[in-house]
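Just so it is clear, none of the values below were taken in a lab; they were calculated from the coordinates. The model shown is predicted, which means the values in this text are computed figures rather than measured ones. Cβ coordinates were reconstructed from backbone atoms using ideal geometry, including for glycine residues, and neighbour counts include every protein chain displayed.
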Amino acid sequence: MTKPKLAVYWAASCGGCDIAILDIEEKILAVADFFDLAFWPCVADFKYKDVAALDDGAITLTLFNGAIRNDENFAIAELLRRKSVVLCAFGSCASDGGIPGMANFYERQTIFDYVYGKSPSTVNPDKVYPQPLTKVPEGEIYIPAMWDTVWTLPQVVDVDYVIPGCPPQSDQIAAVVGAVIDILKNGKPLPPKGTVLGATDKSCCDECLRQRDVKKIKKFVRPFEIIPDPDLCLMEQGILCVGPATRGGCGAKCVAAGMPCRGCYGLPANIRDQGAKMVSALASVIDSTDPEEIGRIMAAIPDPLGTFYRFTLADSLLRRAQV
């Protein structure tokens with residue numbers, strides 16, 4: 001019998017999702033045994049033309065990580081959508097925009113002006129900017145054109161499932177892939193379309209084992225400024241933690257290790273905007289009713305927009321800075 005085909009693709013992201021798949025350790029052997037690897041450019045020399053030559057729907061499962069940042073990302077997203085029976089937005093960059101989505105705070109030209117003209121790490125006295133098409137003696141070189149706005153995968157193509165995280169936890173990946181293999185092997189029904197896999201409907205705080213005494217806070221501190229109590233809620237110690245506005249499923253591993261939640265698992269169920277939810281959570285713990293004092297307390301939060309929308313700006317109600 002012909003094996004089901006698996007594809008993995010890396011768009012606008014750091015590559016951590018590809019590493020996370022390999023982090024399932026020996027379970028990767030079961031994946032290799034069950035699936036025929038049809039496309040995974042990160043690990044082998046696959047060509048786009050070979051994927052294009054497949055029949056539509058020939059790929060059983062695609063794990064697509066990364067946001068949509070340029071022409072190439074979009075073209076491959078459309079290609080893999082046509083060729084895949086099941087397309088998963090794998091990781092926070094694909095599902096919510098992730099770190100690349102923070103580019104939406106600026107226009108593309110502003111970013112180019114800094115990277116190629118003002119950055120102290122760039123030597124570019126002639127102010128040469130990337131061009132999509134460049135003629136050289138050997139012919140023409142085409143590089144993908146950068147978009148002005150970063151989009152999530154579900155914003156550009158139809159997505160069947162979401163697997164959140166930056167990256168998704170390896171144990172959750174193993175559980176999801178194991179469930180898919182079981183479904184395909186035994187003819188079981190797939191989960192309802194739109195299901196968030198490898199996560200829960202609760203918040204990260206619901207998984208956190210730290211004690212919460214409903215204490216009010218007078219100021220915010222950075223994690224390096226204090227030695228936090230290992231048993232007490234980080235937020236109640238003044239360390240800004242995005243756990244109240246973040247979907248559970250990661251096991252609150254960062255918080256257990258003494259680092260505040262950054263929000264990478266995205267929105268809890270029934271929440272539309274992570275930043276708005278976080279502002280609401282802060283309003284319940286700030287110990288003041290004086291507007292000026294509240295302003296001083298909030299002013300201690302470094303980069304509020306980047307903190308509250310670190311992973312979800314592209315999918316938020318804001319989506320991008322307006323110009």
Say R0 is 45 Å: what FRET efficiency, to the nearest 0.05, do Trp40 and Asp229 get from their beta-carbon distance?
0.50
Relative to the compact globular guide of 2.2 N^0.38 Å, what is the alpha carbon radius of gyration of the stretch 73-169, as a ratio?
1.35
For Thr62, Thr110, order by how many other beta-carbon atoms lie within 10 Å, fewest first
Thr110, Thr62
Taking R0 as 51 Å, what's the FRET efficiency between Val279 and Val85 from their Cβ-Cβ distance, rounded to 0.05?
0.80
Can you pull the Rg over Rh of the stretch 23-133, Cα-only, Kirkwood?
1.07
Full extension from Lys47 to Tyr106: what is 0.36 nm times the residue separation minus their Cα-Cα distance, to one decimal in nm?
17.9 nm
What does the convex hull of the Cα atoms of the chain come to per residue, in Å³, rounded to a whole number?
173 Å³
Once you charge only the Cβ atoms, +1 for Lys and Arg and -1 for Asp and Glu, what is the size of the charge dipole of the stretch 244-323 about its Cα centre, to the nearest 20 debye?
520 debye
Under the Karplus curve 6.51 cos²θ - 1.76 cosθ + 1.60, θ = phi - 60°, whole-Hz ³J(HN,Hα) for the stretch 252-258, x wherever Gly or Pro sits:
6, 5, 4, 5, 4, 8, x
Which percent, to the nearest 5, of DSSP beta bridges fully inside the chain are antiparallel?
30 percent
Out of Asp50, Asp290, Asp213, any idea which swings most in a Gaussian network model of the chain, alpha carbons joined below 10 Å?
Asp290
Using 7 Å Cα-to-Cβ label points, what is the Lys3/Lys219 separation (nm, one decimal)?
6.0 nm
Measure nothing fancy, just the Cα-based angle from helix 71-83's long axis to the longest principal axis of the chain, in degrees from 0 to 90, nearest 10.
70 degrees
Positive end of the charge dipole of the chain (Lys, Arg +1 and Asp, Glu -1 on Cβ, about the Cα centre): tell me which of Gly248, Gly275, Gln109 has its Cα farthest that way.
Gly275
When Lys and Arg each count +1 and Asp and Glu each count -1, what net charge do the other residues less than 15 Å away from Val150, Cβ to Cβ, add up to?
-1
Work out, step by step, the length gained on full extension between Thr200 and Ala257: first 0.36 nm times the residue separation, then minus their alpha carbon distance; give nm to one decimal.
18.4 nm
Semi-axis lengths (Å, descending) of the ellipsoid that matches the C-alpha gyration tensor of the stretch 62-124
30, 12, 9
How much FRET efficiency would the formula 1/(1 + (r/R0)^6) give for Val136 and Asp71, where r is the Cβ-Cβ distance and R0 is 25 Å, rounded to 0.05?
0.80
Once normalised by the length of the stretch 211-323, the mean sequence separation of its alpha carbon contacts under 8 Å that are 6 or more apart gives a contact order in percent of 27 percent
Straight-distance crosslink candidates among lysines, where the alpha carbon sits under 19 Å from Lys188 and sequence neighbours closer than 8 are dropped
Lys3, Lys5
Projecting each Cα onto the charge dipole of the chain (Lys/Arg +1, Asp/Glu -1 at the beta carbon, about the Cα centre), which of Ala58, Thr134, Thr195 comes out farthest on the positive side?
Thr195
In Å, what Rg and Dmax follow from the Cα atoms of the stretch 217-294?
13.0, 38
Need one number: the % of Cα-Cα pairs in the stretch 270-323 sitting beyond the 19 Å mark.
35 percent
Cα to Cα, under 27 Å, and not fewer than 8 places away if on the same chain: which lysines meet these conditions relative to Lys118?
Lys127, Lys135
In µm²/s, what is D for the stretch 1-88 at 37 °C and 0.692 mPa s, where D = kT/(6 pi eta Rh) by Stokes-Einstein and Rh is the Kirkwood radius from Cα pairs?
246 µm²/s
How long are the semi-axes of the equivalent ellipsoid of the stretch 128-181, defined as square roots of 5 times the Cα gyration tensor eigenvalues? Whole Å, largest first.
38, 15, 12
So what are the three principal axis dimensions of the stretch 144-227 from its Cα atoms, in whole Å, longest to shortest?
55, 41, 20
